[in-house]
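> Before I ask anything, let me first share the structure, which is written out below as structure tokens.
The values are calculated or read from the model by the stated rules, or taken from the named source; none is laboratory data. Computed from a predicted structure; not experimentally measured. Here the Cβ positions follow ideal geometry from the backbone for every residue, glycine too, while neighbour counts run over all protein chains shown. SASA here: full protein model, heavy atoms, side chains in, ligands and nucleic acids out. Shrake-Rupley method; radii C 1.70, N 1.55, O 1.52, S 1.80 Å.
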Amino acid sequence: MSATGAAPAPAPAPPVKERFDAAGRRVLLVCVAGGFTTLIDQSVLNTAIPALRESLHAQPAHLQWIVAGYSLAFGLALIPGGRLGDVRGRKWFFVGGLALFTVVSLLSATATEPWVLVAARLLQGAGAGLVNSQMIGTLQDVFQGQLRARALGMYAVTGGLAFALGPPIGGAVLAAVGPEQGWRLTFLLNVPFGLATLLLAVRHLPRPRPSARHADLDLVGLLLVAALTLALMLPFVQPPGWAGWLGFAAAAAALLGALARWQHRYARRGGHPLIHPALTRSAPYALGTAVAMAQFGSSLAAGLVLTMFLQDGLGLSPMGAALVALPSAVAMGFASAFAWRVVQRFGRRTVTAGMAGSALVMLAGGLVASWAPTGPLPWLLALLQLLGGASVGLMAASNQAFVLRHAPAEAAGVSGAILQMAQRIAAAVSVSALSGVYLRATGGGGGHRAAYAWASGVCAAVAALAVVASVLAGRVSAREAASVEAGPVEAASVEAAAGEVADAPGAAARENTPSR
């Protein structure tokens, strides 16, 4: 007791972590299942590319369309899908997109000509884009506060794990049934996952709740965004030569200017523009999106080039190549389970550190491939995959939560769609460019080791740019938090909300433990 006779005030109890209710868990299960089903497709196929190329006698142009065309169609569907979900409700767009993806997977598995598979991949990408544009919006609609951060974190981690687990799954399938039937079976794997998720979605997703306040679709804005997406992605899917590059660059610049003018004009006329003004004015949203682009593009391209190097350069079987990539998935899962504790202590610096670690791992991979003896090389690359997966696990989900925190509720679907579209553009650019770098280097007589070193160096440079963007995003966010009237209290709450984002994989084990 104090000298004045008053008892000291008790210390405030730490807040107890909120729990998902039964309905929330079912919605989260549907979204995670839909994300896993549509996102694992690309990474599984990467392992099967050499077998597919031999079976269908596919040319390099066919392979570029098979791999990057999926991302092209995915990106084209995202923003229209997100806007339709914001305005008309999300459930049946989710169901329709997943049904298209599942049915076309059967067509892909039975293709006997490269052009058939190219067409099927475009349709698959469109269905996957429609599905994924609804998921982030659904999670933002259903959950609030801490639960929203955790749900978005689980979705982001699921996407990362799908990307990392794809090569081991693809390698196991090819090893079990052989290359000729193995690449077809990788497409058929989508069917049972898709059907099960469809049943869950019809039963458990909330009924459509169209927005009465924002019922205008902004069709001109949708068309301009679609044309801009094509202008940005198409030259990387099908390289056009120098004159073509200049033409596409000029078209993209003109379309971007036209989109900005139209959005301003549309808003002045009393409409609700496709891209919410709060998004265009938010520097943290833009910088965080740039970080996500660089991380996704460099990781996807590095994984594809690694698979090509292990099989074509070192002569490993698909299963052997998959085992080299497996530590990445394991490390990503463990790191993402504990990332929330790191974010709780270090805030946005967790994203910067994770991205820096990823860049260093890519650079080290190129150096190891250049100098290490052939015998221990796969083991060294597997160790680097372990470190790289841990780096991505620390930062991917955390960065997504920081980005989407700046989105208003009425643009939940579009804000998530823009983030994903940016990642898909990065994927198309990176996969096309880096596979081209690798193939040209091997064709020029430099050998597979030199080719992999060059490609890894380019990936590391892209990741280094993301580190710079992350540092800038942290500084801008700090200035914004300091300018809020609540001052330090508000800044602390901002970091605390993001601290829950990567907790998804380990949530059940810590359900009764206070998070702070």
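> May I ask you to verify whether Ala325 is surrounded by 21 or more Cβ atoms within 10 Å (Cβ to Cβ) and either modelled with pLDDT of 90 or more or not aromatic (Phe, Trp, Tyr) (or both)?
yes
> Does segment 336-347 contain any residue that is closer than 28 Å to Ala469 by Cβ and not in a helix (DSSP H, G or I)?
Within segment 336-347 (the criterion being closer than 28 Å to Ala469 by Cβ and not in a helix (DSSP H, G or I)), the answer is yes, since at least one residue qualifies.
> Here's a follow-up. Against the condition crowded, with 19+ Cβ neighbours inside 10 Å and either of a type in the set (S, T, N, Q) or under 24 Å from Val458 (Cβ atoms) (or both), how does Val429 come out, does it pass?
yes
> Kindly provide the set of residues from segment 100-113 that are crowded, with 19+ Cβ neighbours inside 10 Å and touching a residue at least 40 places away in the same chain (Cβ under 8 Å), ordered by number.
Those that are crowded, with 19+ Cβ neighbours inside 10 Å and touching a residue at least 40 places away in the same chain (Cβ under 8 Å): Phe101, Thr102, Ser105, Ser108, Ala109, Ala111.
> Moving on. Looking at the structure I just gave you, is Leu259 under 30 Å from Arg26 (Cβ atoms), at pLDDT 80 or above and not β-branched (Val, Ile, Thr)?
no
> Moving on to the next point. Determine if segment 2-15 includes at least one residue that is surrounded by 12 or more Cβ atoms within 10 Å (Cβ to Cβ), at negative phi and either modelled with pLDDT of 85 or more or not hydroxyl-bearing (Ser, Thr, Tyr) (or both).
Taking every residue of segment 2-15 in turn, none turns out to be surrounded by 12 or more Cβ atoms within 10 Å (Cβ to Cβ), at negative phi and either modelled with pLDDT of 85 or more or not hydroxyl-bearing (Ser, Thr, Tyr) (or both).
> Do we have any residue at all in segment 65-82 that's of a type in the set (S, T, N, Q), in contact (Cβ under 8 Å) with a residue 60 or more places away in the chain and open to solvent by 10 Å² or more (accessible area, probe 1.4 Å)?
no
> Can you pull out the residues in segment 182-201 that are touching a residue at least 24 places away in the same chain (Cβ under 8 Å), more than 11 Å from Gly170 (Cβ to Cβ) and not hydrophobic (A, V, I, L, M, F, W, C)?
Arg184, Asn190, Gly194, Thr197
> Sticking with this structure for a sec: Test of understanding: among Ala401, Ala390, which residue is more than 19 Å from Gly75 (Cβ to Cβ), under 19 Å from the mean Cα position of the chain (by Cα), at pLDDT below 85 and open to solvent by less than 50 Å² (accessible area, probe 1.4 Å)?
Ala401
> Another question, if that's okay. Does any residue of segment 126-134 turn out to be open to solvent by less than 30 Å² (accessible area, probe 1.4 Å) and more than 30 Å from Asp21 (Cα to Cα)?
no
> Against the definition (under 29 Å from Ala353 (Cβ atoms), of a type in the set (A, V, I, L, M) and surrounded by 13 or more Cβ atoms within 10 Å (Cβ to Cβ)), how does Ala251 come out, yes or no?
Against the criterion (under 29 Å from Ala353 (Cβ atoms), of a type in the set (A, V, I, L, M) and surrounded by 13 or more Cβ atoms within 10 Å (Cβ to Cβ)), Ala251 does not qualify.
> To continue, here is another question. Being open to solvent by 10 Å² or more (accessible area, probe 1.4 Å) and either modelled with pLDDT of 85 or more or over 26 Å from Val467 (Cβ atoms) (or both) narrows it down to one residue among Gly333, Gly320, Gly365; which is it?
None of the others qualify; the one that does is Gly320.
> Take segment 20-58 and flag every residue that is modelled with pLDDT under 80 and outside any helix (DSSP H, G or I).
Phe20, Asp21
> Yes or no: segment 293-312 includes at least one residue that is surrounded by fewer than 20 Cβ atoms within 10 Å (Cβ to Cβ), in contact with a His (Cβ under 7 Å, 6 or more places away or on another chain) and touching a residue at least 24 places away in the same chain (Cβ under 8 Å).
yes
> Now, a different point. Applying the selection to segment 254-286, what residues are surrounded by 17 or more Cβ atoms within 10 Å (Cβ to Cβ) and either of a type in the set (Asp, Glu) or assigned to a helix (DSSP H, G or I) (or both)?
Selection gives Leu255, Leu259, Trp262, Gln263, Tyr266, Leu279, Pro284, Tyr285, Ala286.
> Right, something else. For Leu300, indicate whether it is at pLDDT 80 or above, assigned to a helix (DSSP H, G or I) and in contact with a helix residue (DSSP H, G or I) (Cβ under 9 Å, 6 or more places away or on another chain).
yes
> For segment 169-188, which positions are within 22 Å of the chain's Cα centre (by Cα) and open to solvent by 20 Å² or more (accessible area, probe 1.4 Å)?
The one that is within 22 Å of the chain's Cα centre (by Cα) and open to solvent by 20 Å² or more (accessible area, probe 1.4 Å): Ile169.
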